[in-house]
Amino acid sequence: MQTDPASLDPEERLNKFYALASAALGLLSLCGGLAVPAFGAILGVLGVVSGALGRRSENKRSATVGIALSIIGLLTAIIYSILLFIASS
């Protein structure tokens, strides 16, 4: 049975939001890192931070997935920008 979000503690509701935001930002950083590396790096850092805040909720799995996706997106952006720099030289 699903719990009503309005009945949750405000801090728990915010932590669940951070966990879901981390997963979304991680996915966007992974996709955005290939288009614009700076965009992917910024989203990756934001995803890691929101995932760390979201780990305090009951929804730890979403926060962990978000942190992993954000780190992969951040690394993708860094590697892609290095390759672009080498190719332009």
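Here, each number is a calculation from the coordinates, and none is a lab measurement. None of these values were measured; they are calculated from a predicted model. FYI the Cβ positions are ideal-geometry reconstructions off the backbone, even for glycines, and counts take in every protein chain you see.
Report the local net charge at GLY51: Lys and Arg +1, Asp and Glu -1, summed over other residues whose C-beta lies under 15 Å from its C-beta. Don't jump to the answer; show the numbers that get you there.
Details: positive: LYS16, ARG55, ARG56, LYS60, ARG61; negative: GLU58.
With Lys, Arg at +1 and Asp, Glu at -1, the net is +4.
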Using alpha carbon centers only, region 29-50 is separated from region 65-88 by a whole-angstrom value of 8 Å
With +1 on the Cβ of every Lys and Arg and -1 on the Cβ of every Asp and Glu, the dipole magnitude of the chain about its Cα centre, in debye rounded to the nearest 20, is 180 debye
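If you build the convex hull over the alpha carbons only and average its shadow over all orientations, what do you get for the chain? Give it in nm² to one decimal. Mind dumping the intermediate values first?
On the way: hull surface 22.9 nm².
Across all orientations, the chain yields a mean hull projection of 5.7 nm².
Find out how many positive minus negative residues lie around ALA68, taking Lys and Arg as positive, Asp and Glu as negative, among other residues whose Cβ is under 14 Å from that of ALA68. Can you show the working numbers first?
Working: positive: ARG55, LYS60, ARG61; negative: none.
Around ALA68, the surrounding residues sum to +3.
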For the pair VAL65 and SER89, the simple spin-label estimate (label points 7 Å beyond Cα toward Cβ) gives in nm 3.9 nm
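Set the Förster radius R0 to 35 Å, insert the Cβ-Cβ distance between CYS31 and GLU11 as r into 1/(1 + (r/R0)^6), and round the FRET efficiency to 0.05.
Numbers: r = 31 Å, r/R0 = 0.88.
With a Förster radius of 35 Å, E is 0.70.
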Loop-resident GluC sites (Glu not before Pro) in the chain with no more than 12 other Cβ atoms inside 10 Å, DSSP not H/G/I/E/B, are GLU58
Summed over the other residues with a beta carbon less than 11 angstrom from that of ASP9, with K and R at +1 and D and E at -1, the charge totals -1
